[in-house]
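The next block holds one structure in the form of structure tokens; read it before the comments.
The values are calculated or read from the model by the stated rules, or taken from the named source; none is laboratory data. Note that this is a predicted model, so its numbers are computed, not measured. Ideal geometry is used to build each Cβ from the backbone, glycine not excepted, and the neighbour counts take in all protein chains shown. Keep in mind that these areas ignore ligands, DNA and RNA; they rest on the heavy atoms of the full protein, side chains included. Shrake-Rupley method; radii C 1.70, N 1.55, O 1.52, S 1.80 Å.
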Amino acid sequence: MSEGTMQRRAQRDDQRARRTMRTGGLNRLLAAAAAVPVMLIAAGCSSGSDSGSGDDAAAQKSGGASASTSPSAEPTVQAAAYAALPEACGVLSKKTLTALVPKAPAKGKEGASSDTAARASCSWSSLDNNGVKGSQFRWLNVSLVRFETDAASSGEQQAQEYYAKQIQDVAATAGAKNAKSQAVAGTGDQATTVRYDLKKSEGAFKQQTVVSRVENVVVTVDYNGAGLAGEKTPDAAALVKSAELAAKEAVAAVQAANGEGGGVGSASPTPSKPSSKSPSASPSASASASASASASAAGAKKS
């Protein structure tokens with residue numbers, strides 16, 4: 001083989017080797033480039049998984065700590081302050097009864113009740129017959145209602161609602177004329193007098209109703225008067241004053257029955273305290289209906 005031929009062959013072999021080296025390097029470079037994204041994705045997944053696990057663990061730890069420290073006790077309803085009612089026919093002193101219903105029997109008429117510890121009442125009727133001049137009629141009723149605390153509301157809250165509803169019902173009495181309301185001081189926690197005129201076939205009645213609340217007990221005093229058979233109509237202002245006196249005594253009797261105050265005839269009733277609740281409870285009995293019935297009975301007795 002000639003020297004030229006050998007050189008040419010050597011050159012070809014050298015070129016072939018270089019091409020092989022370039023191709024192999026390129027393939028390795030491509031393989032390396034393809035591997036980089038795979039590694040990056042794997043690293044990202046690994047990092048995200050670790051971070052999520054850490055966050056979940058921290059959240060679970062925080063939630064567990066919060067749950068363990070949060071209070072779980074249920075709110076309690078305030079217990080009723082008063083657990084007893086006095087005997088309804090014994091809440092007023094003899095002096096007060098003599099002044100308000102002078103011709104009434106010594107003992108009042110006790111109202112029907114299935115539970116006298118929760119509801120009680122007593123009434124007195126007086127007919128002062130002045131012959132041809134006519135008669136002066138008076139009717140007095142004291143009602144006591146005590147509320148017990150239940151799961152929904154306290155006894156005091158229920159009493160506040162009933163107190164306000166009583167006032168609304170009295171003011172809305174059918175046939176009432178010239179109705180007026182006024183607050184009364186020094187009579188339990190709340191007290192209001194509602195007065196109005198009521199025309200009946202027997203005569204012109206002056207009606208006074210004093211609604212009082214002391215703790216979880218509501219005291220309602222109904223007092224009316226009328227001049228019958230030609231007798232003059234009694235003075236409304238004097239009747240209001242008498243009704244408010246009776247209410248003070250009745251409230252004092254409730255307090256005394258529960259270990260407070262001075263009882264019947266107490267000269268220093270507990271001062272008033274403000275109320276903050278809104279009402280809505282059962283209605284009162286109609287004082288005017290009772291007055292009419294009593295007056296009719298009185299007229300029948302007279303005849």
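For this structure, a couple of remarks:
- Solvent-accessible surface (1.4 angstrom probe) belonging to Thr76, in square angstrom, nearest 10: 130 Å²
- Ranked by the mean number of other Cβ atoms within 10 Å of their residues, highest first, the peptides 200-210, 127-137 fall in the order 200-210, 127-137.
- Two-site FRET efficiency, Glu110 against Ala152, from Cβ-Cβ distance with R₀ of 22 Å, rounded to 0.05: 0.10
- Largest to smallest accessible area among Lys107, Lys165 [probe 1.4 Å]: Lys107, Lys165
- Phi angles across segment 135-148 convert, under the Karplus curve 6.51 cos²θ - 1.76 cosθ + 1.60 with θ = phi - 60°, into 3J(HN,Hα) values of 9, 9, 9, 9, 9, 10, 9, 10, 10, 10, 10, 10, 10, 9 Hz, Gly and Pro given as x.
- Annotation: amide H-H contacts under 5 Å for Asp189 (H modelled 1.01 Å from N, sequence separation of 5 or more, or interchain): Arg213, Val214, Glu215, Lys273.
- Segment 134-199: relative contact order as a whole-number percent, Cα under 8 Å and 6+ apart: 21 percent
- Computed over protein heavy atoms with a 1.4 angstrom probe, the accessible surface ordering of Arg119, Arg146, Arg213, Arg195, largest first, is Arg119, Arg195, Arg146, Arg213.
- Cross-link pairs exceeding 25 Å between alpha carbons, from the set Lys107/Lys180; Lys94/Lys206; Lys107/Lys165; Lys177/Lys232: Lys107/Lys180; Lys107/Lys165.
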